[in-house]
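S.K.: Structure below; questions to follow.
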């Protein structure tokens, strides 16, 4: 893969260079609740899975339908229409109907047995995947002028939530990193309509999003100036934002998935120096406590993650390379909590 566009997207996601970080100690094992009531997450373990078909991809959209993990699009014209799916029971990959239009840095989620792509980098078109026909059908476009790449994504009932993201352009620190956004949108999959929710207080892109109960967590990412450890939660019933304890490190472009009542963050671009993070963090949202659990086998950033059957599947991304410094990979690994 050519390194020119890869270098550009590294700057977008990292606000700095990328190197492989030193190993970190594994997190705590299972134990009884401490005096504060928090029970540390089990350390868990990582396993290698079969590689995705085709060349490496990064900044993909990842979501699950039933027992299949879908990997949609990516960065660059060659990746922008590719769709693959992994059958977690059969342990096999297949290549599906491509997107009818190229969508880079797509926003992807599944609701009610349907997979949705809600725009991407300078692309506001929305699509729904008909699995029975293996085809993509148009939906109402996002109500923004220039689309949104790599927004924080969450699912609340029949609604898909998008927070922040980026559009092409220079950030405030004069890097070609994209201009971060502050809007928060909700797409109702039953009525095919959009609505605006309260804006983010901290404008950001490449953040991690997840929903627990009636709360939408927006975690980390990078502002127009630097990577951040900021965490905010939107109460979806009162529509009020609340500040939360920060991440243990500044972090952007990590994978995120929910298992039980914990939010897991895997890999990403960590710290102010742009290290590829090997860590896996498990957030107990009731206490705002992050447990570090088993380290990734292949530290990466710019990849997606999704939980199926209590396991977290993490395909694609950018990994360290001894020759090229970093490269897109078709690696797929599984975390077992």
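The values are calculated or read from the model by the stated rules, or taken from the named source; none is laboratory data. Since the structure is predicted, the reported quantities are computational estimates derived from the model, not experimental observations. Cβ placement follows ideal geometry from the backbone for every residue including glycine, while neighbour counts extend to all protein chains displayed.
S.K.: Pull up the stretch 214-228, narrow it to residues that are part of a loop (DSSP other than H, G, I, E, B) and touching a strand residue (DSSP E or B) at 6+ places or on another chain (Cβ under 7 Å), then point me to the one that is farthest from residue 262 (Cα to Cα). Before the answer, list the steps.
M.R.: Looking only at the stretch 214-228, we keep the residues that are part of a loop (DSSP other than H, G, I, E, B), and these are 214, 220-221, 223-226, 228.
Subset that is touching a strand residue (DSSP E or B) at 6+ places or on another chain (Cβ under 7 Å): 214, 220-221, 223-224, 228.
Values: 214: 14, 220: 17, 221: 19, 223: 26, 224: 29, 228: 21 Å.
Here the answer is 224.
S.K.: For the stretch 306-337, which residues satisfy the criterion of being in a loop (DSSP other than H, G, I, E, B) and either more than 17 Å from residue 46 (Cα to Cα) or in contact with a helix residue (DSSP H, G or I) (Cβ under 6 Å, 6 or more places away or on another chain) (or both)? Break it down stepwise before answering.
M.R.: The initial filter retains those residues of the stretch 306-337 that are in a loop (DSSP other than H, G, I, E, B), namely 309-310, 316-317, 322-324, 330-331, 337.
Listed by number, the residues that qualify are 322, 323, 324.
S.K.: Still on this structure, please answer the following. In the stretch 85-128, what residues are crowded, with 20+ Cβ neighbours inside 10 Å, at negative phi and touching a residue at least 60 places away in the same chain (Cβ under 8 Å)?
M.R.: Correct list: 86, 108, 111, 116, 118, 126.
S.K.: Assuming residue 303 fulfils every condition listed in (1) within 16 Å of the chain's Cα centre (by Cα); (2) assigned to a strand (DSSP E or B); (3) surrounded by 22 or more Cβ atoms within 10 Å (Cβ to Cβ) apart from one, which condition is it?
M.R.: (2)
S.K.: Select, from 187, 206, the only residue that is modelled with pLDDT of 95 or more, touching a helix residue (DSSP H, G or I) at 6+ places or on another chain (Cβ under 8 Å) and surrounded by 21 or more Cβ atoms within 10 Å (Cβ to Cβ).
M.R.: Values: 187 fails: touching a helix residue (DSSP H, G or I) at 6+ places or on another chain (Cβ under 8 Å).
That would be 206, the only listed residue that is modelled with pLDDT of 95 or more, touching a helix residue (DSSP H, G or I) at 6+ places or on another chain (Cβ under 8 Å) and surrounded by 21 or more Cβ atoms within 10 Å (Cβ to Cβ).
S.K.: Please identify the pairs in which a residue from the stretch 199-214 that is without any contact (Cβ under 8 Å) to a residue 24 or more places away in the chain and on the phi < 0 side of the Ramachandran plot has its Cβ atom under 7 Å from the Cβ atom of a residue that is assigned to a loop (DSSP other than H, G, I, E, B) and surrounded by fewer than 23 Cβ atoms within 10 Å (Cβ to Cβ), counting only partners at least 6 apart or on another chain.
M.R.: 199/182; 199/183
S.K.: Oh, and also: Which residue, of 153, 144, is part of a strand (DSSP E or B) and either more than 21 Å from residue 306 (Cβ to Cβ) or touching a residue at least 24 places away in the same chain (Cβ under 8 Å) (or both)? So that I can check it myself, show each step before the final result.
M.R.: Values: 144 fails: part of a strand (DSSP E or B).
The unique qualifying residue is 153.
S.K.: Please work out which residue is surrounded by the fewest Cβ atoms within 10 Å (Cβ to Cβ), limiting yourself to the stretch 286-300 and to residues that are in contact with a strand residue (DSSP E or B) (Cβ under 7 Å, 6 or more places away or on another chain) and in a loop (DSSP other than H, G, I, E, B). Quick ask: steps written out before the conclusion?
M.R.: Of the residues in the stretch 286-300, the ones in contact with a strand residue (DSSP E or B) (Cβ under 7 Å, 6 or more places away or on another chain) are 290-300.
Retained after the next criterion (residues that are in a loop (DSSP other than H, G, I, E, B)): 293-300.
On the way: 293: 25, 294: 20, 295: 19, 296: 21, 297: 16, 298: 18, 299: 22, 300: 30.
Only one residue fits best here, namely 297.
S.K.: Inspect all residues belonging to the stretch 20-35 and state whether any of them is at pLDDT below 95, surrounded by fewer than 19 Cβ atoms within 10 Å (Cβ to Cβ), in contact with a strand residue (DSSP E or B) (Cβ under 6 Å, 6 or more places away or on another chain) and not in a loop (DSSP other than H, G, I, E, B).
M.R.: yes
S.K.: Can you find, within the stretch 301-337, the residue that is modelled with the lowest pLDDT among those that are out of contact with any strand residue (DSSP E or B) (no Cβ under 8 Å at 6 or more places or on another chain) and over 20 Å from residue 49 (Cβ atoms)? So that I can check it myself, show each step before the final result.
M.R.: Kept after step one, since they are out of contact with any strand residue (DSSP E or B) (no Cβ under 8 Å at 6 or more places or on another chain), are these residues of the stretch 301-337: 309, 322-324.
Adding the requirement that they be over 20 Å from residue 49 (Cβ atoms) leaves 322-324.
Numbers: 322: 85, 323: 86, 324: 80.
My answer is 324.
S.K.: Does any residue of the stretch 124-147 turn out to be within 18 Å of the chain's Cα centre (by Cα) and within 24 Å of residue 331 (Cα to Cα)?
M.R.: no
S.K.: If you check residue 177 against the conditions, is it surrounded by 19 or more Cβ atoms within 10 Å (Cβ to Cβ), farther than 26 Å from residue 139 by Cα, touching a helix residue (DSSP H, G or I) at 6+ places or on another chain (Cβ under 7 Å) and in contact (Cβ under 8 Å) with a residue 12 or more places away in the chain? Step through it out loud before you land on a result.
M.R.: Working: surrounded by 19 or more Cβ atoms within 10 Å (Cβ to Cβ): yes; farther than 26 Å from residue 139 by Cα: yes; touching a helix residue (DSSP H, G or I) at 6+ places or on another chain (Cβ under 7 Å): yes; in contact (Cβ under 8 Å) with a residue 12 or more places away in the chain: yes.
Yes.
S.K.: Another question about this same structure. Would you point out the residue of the stretch 271-285, among those that are modelled with pLDDT of 95 or more and assigned to a loop (DSSP other than H, G, I, E, B), that is nearest to residue 111 (Cα to Cα)?
M.R.: The qualifying residue nearest to residue 111 (Cα to Cα) is 285.
S.K.: Let me ask something else. Kindly provide the set of residues from the stretch 156-174 that are assigned to a loop (DSSP other than H, G, I, E, B) and buried (at least 21 other Cβ atoms within 10 Å of the Cβ), ordered by number.
M.R.: Here is the first cut: in the stretch 156-174, the ones assigned to a loop (DSSP other than H, G, I, E, B) are 157-158, 164-165, 168-174.
Within the stretch 156-174, 164, 165, 171 meet the criteria.
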